[in-house]
Amino acid sequence: MNKIKVGIVGGTGYTGVELLRLLARHPQVQLQVITSRGEAGLPVADLFPSLRGVVPLIFSDPAKVDLTQCDVVFFATPHGVAMAQTPALVTAGVKVIDLAADFRLQDAAEFEHWYKLPHSCTDILSQAVYGLPEVYADAVKQAQVIGNPGCYPTTVLLGLAPLLEQGWLDFSVPIIADAKSGVSGAGRKAEVATLFAEASDNLRAYGVAGHRHHPEILAQLKKLSGNDDVRLIFVPHLIPMIRGMLTTLHVKLNAQGRSQDLQAVYAQRYADAPFVDVMPAGVLPDTRSVRGANVLRLSITRQPDDYVTLVVVQDNLVKGASGQAVQNMNLMFDLPADTGLQVLPLLP
Ligand SMILES: NC(=O)c1ccc[n+]([C@@H]2O[C@H](COP(=O)([O-])OP(=O)(O)OC[C@H]3O[C@@H](n4cnc5c(N)ncnc54)[C@H](OP(=O)(O)O)[C@@H]3O)[C@@H](O)[C@H]2O)c1
């Protein structure tokens, strides 16, 4: 098989450099183009010494590159960038994986409400696939355009998929998702809230009254459960670490669900999912057990009154973004899902 020619738009950001780290060692990938508006002309390894001797490319100006020479283009950019360029790429037969939100929400009005931009290619949006491989693998394999899920949504949806698919939740109470992310989740741009003196030795909630991931999670919860009554309380927090995400989910079982052996059900549901690890009963996952790896770990704990608490961890930059994007690429090009993704977590 010829190597897959890969382009990355947005190579200077955190998800961009994470794509480079993973793809540079991917046996079936040839890195072709990496863009930056600000660093065009600079060798990639000059900006990222971690890639010295491994990535010989130079950043290109995105306005001047021909991305149609690629087989697949990753957009590791803010929302709005991918949808402007995707129609031409699709016409040229290039596959697109967008790490931003342009192709995640099927409802274009909802996208416009949350992202303050009209959607410019709703015809492509309607064909795009939500790239959560553990749930939508068959559709991902056929997809031309992937909306790679948000980091928080990945934890909530993989945490709850087995219960939603079985119809075992009591939707008379809302699902509660209490989520925490390391500061790399905000990207590499300069912002006061992520300065060392603001974010370290501190813990704070944000987006409590409304966060962009809320509509994305809710739409998928409805789809997975086939039930429009589902409600969600989602509260994200910023924690003083660089990588990592921990989401605690509280849900109530219905009459059918309360008699089930959930530990066994989860183990069976994810038995063939190489990147989802169901912890043994009584063992809770922690963020350092997934740092740098494309793994999501979760635990299931019964609580009084038919409540269940799930604790879900992932590296926001890997299973929450770039690793999941590579997992999607592997499926789209008919490769084993773990190709290039076998890197182990870094510990301590
Ligand atoms: N960080 C995470 O944990 C995470 C997780 C899941 C999803 N995401 C999503 O992934 C996307 C990238 O996130 P990030 O954290 O990597 O962001 P970032 O660190 O801020 O990087 C953004 C990148 O986009 C490029 N860029 C910005 N505007 C552009 C434009 N108009 N045209 C072309 N390139 C442009 C920037 O490069 P130049 O300025 O040099 O061109 C930079 O390389 C975002 O949509 C984010 O929501 C992030």
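Quick notes
- Hits in the stretch 295-320 - residues which are assigned to a loop (DSSP other than H, G, I, E, B) and free of Cβ contacts under 8 Å to residues at least 60 places away in the same chain: Val295, Gln303
- Unique residue being closer than 13 Å to Ser322 by Cβ and more than 8 Å from the ligand (Cβ to nearest atom) when the list is Leu31, Leu42, Leu23: Leu23
- Of the numbered criteria (1) under 21 Å from the mean Cα position of the chain (by Cα); (2) not in a strand (DSSP E or B), the one Phe234 fails is (2).
- Filter result for Gly323 (in contact (Cβ under 8 Å) with a residue 24 or more places away in the chain, surrounded by fewer than 22 Cβ atoms within 10 Å (Cβ to Cβ) and within 16 Å of the ligand (Cβ to nearest atom)): no
- The set of residues from the stretch 80-103 being surrounded by 23 or more Cβ atoms within 10 Å (Cβ to Cβ) and either outside the structural domain of Gly11 (by TED's automatic domain parsing) or near the ligand (Cβ under 10 Å from one of its atoms) (or both) comprises Ala82, Asp98, Leu99, Ala101, Asp102.
- Of the candidates Gly244, Gly292, the single residue that is within 14 Å of the ligand (Cβ to nearest atom), assigned by TED's automatic domain parsing to the domain that holds Leu158 and surrounded by fewer than 21 Cβ atoms within 10 Å (Cβ to Cβ) is Gly292.
- Of the criteria (1) within 11 Å of the ligand (Cβ to nearest atom); (2) of a type in the set (S, T, N, Q); (3) surrounded by fewer than 22 Cβ atoms within 10 Å (Cβ to Cβ), which one Thr77 fails: (3)
The values are calculated or read from the model by the stated rules, or taken from the named source; none is laboratory data. If you're wondering where the values come from, they're calculated on a predicted model, not measured in any experiment. Counting neighbours? That spans all protein chains shown, and the Cβs are built from the backbone with ideal geometry, glycine included.
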